[in-house]
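In what follows, a structure is listed as structure tokens, so that the remarks can point back to it.
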Amino acid sequence: MSMMECRKDFLSFLDSDMSLKILMCLDDPVDLVRVSCVSRSWRHYVIVNSLCKQLCLRIFPQLSRVTRVVETNQHGLEETPEVGSSSSMEWLALQRDHRVYAYLARSFKSSVSMNCIAKTIVASSTDNFPQESIDNTLEPSDHIAGRYSYWSSNGQSNPNVPETLTYELASQICVVTEINIQPFQAYFQMGGPIYSAKSVRFKMGHINASLDASADEKIVWTYTSPEFPMTQENELQNSKLPEPVLCIGGILQVELLGRVQRQEMDGLLYICISHVQAVGSLLSPAFSVDILEPSGMFVLKCDRNYQPPATSEEESGANSTDYMQRGLRDFQQIVTILRGHVIGVVEDDWDEEEYEADDFEEEYAL
């Protein structure tokens, strides 16, 4: 009997828990889309078990605060399905969630890294304003138009007094992977001292729109990074986050912890920074959020009409029929391998015609 005559659907022979464990090992949204295109039964399995949503939650734990997802039309209005039975409405909701989360995961995978900081908000202190303003940290050079460009804190005698720099990111919803900071070297002072901090930590969150919020509660922090050491070196120092962080609300705060450099003139300790970068990717305009106060939960919105730029893989023909058929053959090989480990397997009708290229193109390209 040839291999093609002995095709098996392993999902029909394994219990649900084992099938889920196998499919949960997939960590690429493209792979899940391929799975959902193998057959109608596989597509149904992927959607009913919310595998795309679970993948996104593994990548971005911050999504656990999503109350619901919506799709918007070309006018920015929420698309609502026609009234039907409870079971049909539930199925339509599962399909919608599948599309949105598959698109979200793919958007992150295919996005281009950039500096996500749009503008400054406030510094905890400034020595000489506006000459040493936080605005200077947006410039990549420490020397602009014949003058030095940097932010400087107030001087302190206590080395443990921290400082903070707060920024607004370029999108209300974006992914941050690393933050780079360059301490300032004062060439105009004896010995060219470098005014770095001992370490740095980062917070991300959103504005608290509640009227009852106090001054200290105006920003709700939803993520706090571990501490990263800083060195007294005049270079852009990289702090790569342990995992990519989904920043909901677009607020970033840099906490500068500990002082190491005294100024000879007054004997006080300062921290001076010439440049700050938040490297990541923007998920707007394809995605936006409505933050629900005071709970801090949010609604995730997806613009179905937005078309992201094609990735290099897609440009080289990743969506071609050959590419999809190659994905099908890969899964047929998986089935063959797993079939060899199942005792007492009885043949069933594995229908190649259920593999629909149009479904793959619709979900992958969205």
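Applying the set (1) buried (at least 19 other Cβ atoms within 10 Å of the Cβ); (2) modelled with pLDDT of 95 or more; (3) among the polar types (S, T, N, Q) to Gln172 leaves exactly one unmet item: (2).
Please determine, by comparing only the residues of segment 102-138 that are aromatic (Phe, Trp, Tyr) and surrounded by 14 or more Cβ atoms within 10 Å (Cβ to Cβ), which one is nearest to Gln277 (Cα to Cα). Explain how you work it out, then say what you get.
Pass one, segment 102-138, residues aromatic (Phe, Trp, Tyr): 103, 108, 129.
Next cut, surrounded by 14 or more Cβ atoms within 10 Å (Cβ to Cβ) only: 103, 108.
Numbers: Tyr103: 27, Phe108: 19 Å.
If we take residues in segment 102-138 being aromatic (Phe, Trp, Tyr) and surrounded by 14 or more Cβ atoms within 10 Å (Cβ to Cβ), then Phe108 is nearest to Gln277 (Cα to Cα).
Would you be able to say whether some residue in segment 144-153 is over 17 Å from Leu257 (Cα atoms), in a helix (DSSP H, G or I) and β-branched (Val, Ile, Thr)? Give the derivation first.
Residues of segment 144-153 that are over 17 Å from Leu257 (Cα atoms), as a first pass: 144-150.
Okay, now just the ones that are also in a helix (DSSP H, G or I), so none.
No, the conditions are met nowhere in segment 144-153.
Inspection of segment 97-114 identifies at least one residue that is of a type in the set (Ser, Thr, Tyr) and over 24 Å from Leu51 (Cα atoms). Screening segment 14-79 for helices (runs of 4 or more DSSP H) wholly inside it with 1 or more residues that are crowded, with 19+ Cβ neighbours inside 10 Å, modelled with pLDDT of 85 or more and under 19 Å from the mean Cα position of the chain (by Cα) returns the ranges 51-59.
Those residues that are part of a loop (DSSP other than H, G, I, E, B), touching a residue at least 40 places away in the same chain (Cβ under 8 Å) and either on the phi > 0 side of the Ramachandran plot or not aliphatic (A, V, I, L, M) (or both), I need them from segment 268-289; list them, please.
So the first thing to find is which residues in segment 268-289 are part of a loop (DSSP other than H, G, I, E, B), and the list is 268, 271, 283-286.
Then drop every residue that is not touching a residue at least 40 places away in the same chain (Cβ under 8 Å), which leaves 268, 271, 283-284, 286.
The answer is Ser284, and nothing else.
Look at Thr166 and say whether it is in contact (Cβ under 8 Å) with a residue 60 or more places away in the chain and assigned by TED's automatic domain parsing to the domain that holds Phe202. Judged against the criteria, Thr166 is a match.
Looking at segment 159-172 only, could you name the residues that are outside any strand (DSSP E or B) and under 16 Å from Ser124 (Cα atoms)? Give the derivation first.
Let us first name the residues in segment 159-172 that are outside any strand (DSSP E or B), namely 159-162, 170-172.
Once the filter is applied, which keeps residues that are outside any strand (DSSP E or B) and under 16 Å from Ser124 (Cα atoms), segment 159-172 yields Pro159, Asn160, Val161, Pro162.
The values are calculated or read from the model by the stated rules, or taken from the named source; none is laboratory data. These figures come from a predicted structure and were not determined experimentally. Neighbour counts run over all protein chains shown; Cβ positions are idealised from the backbone, glycine included.
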